[in-house]
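Visitor: Provided herewith is a single structure, encoded as structure tokens, for subsequent inquiry.
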Amino acid sequence: MASSKHKPIVVRIQSPEHGTKRVEAKSSESVADFLNKIQNEFQLGDTGWRIYKNRDKKDWIRTSRAKTIDSYKIKHGDMLYLLPTDGKDLGSNLHQADNMAPSPGSSAPGVVEDEVDQILDKEDGKIYRKRNEQLCRHGPHGKCLHCVPLEPYDEEFLNSCDPPIKFLAFHSYIRKLTSGVDKGKFAYLENLSCKIKPGCTEHPPWPGGICTKCQPNAVTLNRQKFRHVDYIMFENPSIVDTFLNFWRSTGSQRVGIMYGRYEPHKDTPLGIKATVSAIYEPPQINTKGHIELLEDILEHDVNKVAERLGIRQVGWIFTDLIADDLSKGTVKHFRGNINSHFLSAEECIQAAHFQNKHPNPCKLSSDGHFGSKFVTVVVTGDDTNQIHFEGYQVSDQCMALVRDDCFIPTIDASELGYVKESSETQYVPDVFYKVKDNYGNEVTQLARPLPVEYLLLDMPAAFPVEPQYTFRSHLHTEVTSFPVENRHVLGQPHDFNALTSYLQQFPPNRFLEAMANFHLLLYLSTSDLLPLKEKICILLDAVRNNDETLAHQFKKTEEWATVEEMMAAHVPTPLPGRPSSSYVGPKAAPLPPIGSSWTCAHCTFINTTDKDHCDMCSLPKQ
């Protein structure tokens, strides 16, 4: 039998800067080796700190190669105290290694938070109240219990709002974490992990073995008390009306990616709203009860265009509509009632996938990110059988379960999900949730299956009283809008013919108004037929800033002149009331007579019959 001096022991080390950590050692180990382990665990320098057996700096443990831990009578489970020697914080003695991962409980360096987070971080956030004439007994410049400003996380105030605010705003939650005596010195946000920690050398890899060091903890699902976004606002009804036209025309459901920006929401203390400016429709296969998203090879390009326009992906939207009475324009109500679900498990998993794809930068997390602002909007029928918009997010715990491939939908019940069981290829920790039984007692249940309402956070989605327009082409209801991308099934191709027909409706002095269309800008930026990729940034900046001068500068470029020549050659006759030279470039040749020309299959330029090669693109006649 091995001697007790050679058995491993665990010693707790408490530091005022970094909390308590555990260090494994042996009683026969030298004090110098033991102190080196502490130095590495806390990432300390060589000087400026000492280890004591008592908090009052008594029984200093001096470094020694001759003495062992047992000589200081240190036993398994004992608490030692790490204190600075020069009166400075231990943080000043940390190793400045850039390639070293931040320790748990510390903030990730160099994290650049979103603009809205930086704005809210600087705000006071307090809820100011007026002087109560009945209860206040002080002068106009005094404050008392009845009129003193409230904290943004005050539950009584949030419950008294109309309607009540059910969830704290994320920044209100952060203020609550940092409101103690330590002013958030030890406050940090930790992302849940359901995977085995890599690098454990004490046993073979799973399924050959597992230990308490590398095994993920069991998860108890709690209803999240905060949400990252508090309100979803569509700038104007035309945005969703264009999106819904697909369902109105085909009866099939549709998915779109919402582009916009995050802004402070004044109706919620330190709240955030997602303002939707446009909806992009990715490639997909649609039926009346199913949607399959396809690979989008243009996603990166679309995001670059959106970034130049000052917007970004803020969420996704999908329809779940069934017509009820065509004469009245009503739809069926089958979501959100007692006999149905709010989101299905499959939709929750898709929402979690999108949220994991768009993490929220956060300086209080050692990973540099925490949760996500990406939102989900469902278009369905309400209890009055009218088209209704419902906003959701899934909880951070749901994001972790989906990211680590632990959560799957059930076959027969859409409102239930299922946490996978461990297999030879994957270890899955136990996941529990709490419910109340018939007697009001809280009972813990294994999440097989799991009601998805434990994973959901809801939020309102609506329109402003005064419509807003990032893309001002929506203002012109008298013109036929440029076709939405990926709608070939409706006979609305996103091509050069559509570009020509659309621009015919605008006179030259309304060029910027014509270009202020998100779907048109995507076509101009991504089309390989048009030579605009080098100059398109000028047009994007003009639309973003509503700058007529920049738009005029773009219109004078050689690249746009080439496009005008192509359109002039493509349109055999000008539209009534529009000059024939509206979109004809300098020195453009007149249109050939009908019957004595052929159209290039590559660039659609109309050539005379005596030509075997296209005058525009030089490709052979087909």
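The values are calculated or read from the model by the stated rules, or taken from the named source; none is laboratory data. Treat the numbers as computed from the prediction; the structure is a model and nothing was measured. Positions of Cβ are backbone-derived with ideal geometry, glycine not excepted, and every protein chain shown enters the neighbour counts. Ligands, DNA and RNA are excluded from the accessible area calculation, which covers all protein heavy atoms including side chains. Shrake-Rupley method; radii C 1.70, N 1.55, O 1.52, S 1.80 Å.
Visitor: Per residue, how much accessible surface does the range 8-84 expose to a 1.4 Å probe? Answer in Å², no decimals.
Guide: Each residue of the range 8-84 exposes 54 Å² on average to a 1.4 Å probe.
Visitor: Between the alpha-carbon centers of the range 52-85 and the range 268-315, tell me the distance in whole angstrom.
Guide: Spelled out, the Cα-based centre of one part sits 58 Å from the other.
Visitor: (i) 33.9; (ii) 27.4; (iii) 29.8: which one is Kirkwood radius over Cα pairs in Å as calculated from this entry?
Guide: Here the calculated entry is (iii).
Visitor: So, in Å, what gap is there between the alpha-carbon centers of the range 441-494 and the range 204-252?
Guide: A separation of 14 Å, based on Cα centres.
Visitor: If you roll a 1.4 angstrom probe over the protein chains with everything in place, what fraction of the accessible area of the range 268-372 belongs to carbon and sulfur, to the nearest %?
Guide: Of the solvent-accessible surface of the range 268-372, carbon and sulfur hold 52 percent.
Visitor: What is the percent carbon and sulfur in the accessible area of the range 488-570, measuring with a 1.4 Å probe over the protein chains and ignoring ligands?
Guide: 46
Visitor: Taking the Cα centroid of the range 354-404 and of the range 506-521, what is the distance between the two, rounded to the nearest whole Å?
Guide: Here the two parts' Cα centres lie 34 Å apart.
Visitor: Carbon and sulfur atoms: what percent of the 1.4 Å accessible area of the range 8-84 do they account for?
Guide: Answer for the range 8-84: carbon and sulfur cover 44 percent of the accessible area.
Visitor: From the square roots a ≥ b ≥ c of the eigenvalues of the alpha-carbon gyration tensor of the range 353-412, which class results: rounded (a/c under 1.5), prolate (a/b over b/c), or oblate?
Guide: oblate
Visitor: What does the highest-first list of 40-50, 374-384 look like by mean Cβ count within 10 Å?
Guide: 374-384, 40-50
Visitor: As a test of reading the structure, rank TYR153, TYR439, TYR188 by solvent-accessible area (1.4 Å probe, protein chains only), most first.
Guide: Accessible-area ranking of TYR153, TYR439, TYR188, largest first: TYR439, TYR188, TYR153.
Visitor: Over the range 373-498, average the accessible area per residue using a 1.4 Å probe and give it in Å², no decimals.
Guide: Solvent-accessible surface per residue comes out at 49 Å².
Visitor: Taking a ≥ b ≥ c as the square roots of the eigenvalues of the Cα gyration tensor of the range 405-452, is the shape rounded (a/c under 1.5), prolate (a/b larger than b/c) or oblate?
Guide: In terms of gyration-tensor shape, oblate.
Visitor: With Cβ to Cβ distances under 12 Å as the rule, what net charge do the other residues near ILE311 carry (K, R +1; D, E -1)?
Guide: +2
Visitor: Hey, can you find the accessible area per residue of the range 198-328 for me, probe 1.4 Å, expressed in square angstrom?
Guide: For the range 198-328, the solvent-accessible area averages 47 Å² per residue.
Visitor: Further, regarding this structure: Please report the net charge: other residues with Cβ closer than 9 Å to the Cβ of PHE42, K and R +1, D and E -1.
Guide: That sum, taken over residues with Cβ under 9 Å, equals -1.
Visitor: Please compute the net charge surrounding GLU24, taking Lys and Arg as +1 and Asp and Glu as -1 over other residues with Cβ under 14 Å from its Cβ.
Guide: +3
Visitor: Oh, and also: Rounded to the nearest 500, what is the chain's calculated 222 nm mean residue ellipticity when only DSSP H runs of at least 4 contribute -39500 (n - 2.57) each, over all residues?
Guide: The per-residue figure over the chain is -6000 deg cm²/dmol.
Visitor: What ranking of LYS434, LYS420, LYS58, LYS122 comes out by heavy-atom accessible area, probe 1.4 Å, highest first?
Guide: Accessible-area ranking of LYS434, LYS420, LYS58, LYS122, largest first: LYS122, LYS58, LYS434, LYS420.
Visitor: If you restrict to DSSP beta bridges whose two residues both lie in the chain, what percentage is antiparallel, to the nearest 5?
Guide: Of those bridges, close to 75 percent are antiparallel.
Visitor: Would you mind working out the magnitude of the charge dipole of the chain relative to its Cα centre, with +1 at each Lys and Arg C-beta and -1 at each Asp and Glu C-beta, to the nearest 20 Debye?
Guide: So the dipole magnitude of the chain works out to roughly 2580 debye.
Visitor: Given LYS75/LYS363; LYS73/LYS213; LYS195/LYS288; LYS213/LYS273; LYS304/LYS556, which pairs have Cα atoms separated by over 29 Å?
Guide: Over 29 Å Cα-Cα: LYS75/LYS363; LYS195/LYS288; LYS213/LYS273.
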